[in-house]
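Working notes, structure below.
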Amino acid sequence: MKKLAALAFVLAATTASAQEADEATVARINALLAEMQCEVDPVNIEADDGGWELDDVFCADGQYDIELDGNFEVTEKRKE
């Protein structure tokens, strides 16, 4: 039981730190989205395979999920 609790703690700590975007990243993503006439709540920005996954992005023409690569280039934009 103690091993399971320790493993859960390590996984939770690793997941939380791996998924959080720092202020500079959020600012860069917000600038990109502003050019696209879009916006996203920072809590909906998650690290994903060296890039970023943006959930529930609100744009002038609807709501999307957007994926960015490590260079902040749009690799996928799916309308919801």
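The values are calculated or read from the model by the stated rules, or taken from the named source; none is laboratory data. None of the values given here were measured: they were computed from a predicted structure. Neighbour counts run over all protein chains shown; Cβ positions are idealised from the backbone, glycine included. The accessibility values were calculated without ligands, DNA or RNA, using every heavy atom of the protein model including side chains. Shrake-Rupley method; radii C 1.70, N 1.55, O 1.52, S 1.80 Å.
Summary table below
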| read-out | value |
| --- | --- |
| Close pairs (6 angstrom Cβ cut-off, 6 or more residues apart or separate chains): within 8 Å of VAL40 (Cα to Cα) in segment 51-68, of a type in the set (S, T, N, Q) anywhere | ASP55/ASN44; ASP56/ASN44 |
| Residue count for segment 22-39, restricted to those that are free of Cβ contacts under 8 Å to residues at least 40 places away in the same chain, under 11 Å from LEU68 (Cβ atoms) and β-branched (Val, Ile, Thr) | 1 |
| Residue satisfying all of: in segment 47-60; touching a strand residue (DSSP E or B) at 6+ places or on another chain (Cβ under 9 Å) and of a type outside the set (Asp, Glu); most open to solvent (accessible area, probe 1.4 Å) among these | PHE58 |
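Here is a yes/no grid of residues against (1) at pLDDT 95 or above; (2) closer than 21 Å to GLU76 by Cα; (3) surrounded by 10 or more Cβ atoms within 10 Å (Cβ to Cβ):
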residue	(1), (2), (3)
ALA6	no, no, yes
ALA12	no, no, yes
ALA16	no, no, no
GLN19	no, yes, yes
VAL26	yes, yes, yes
LEU32	yes, yes, yes
CYS38	yes, yes, yes
ILE45	yes, yes, yes
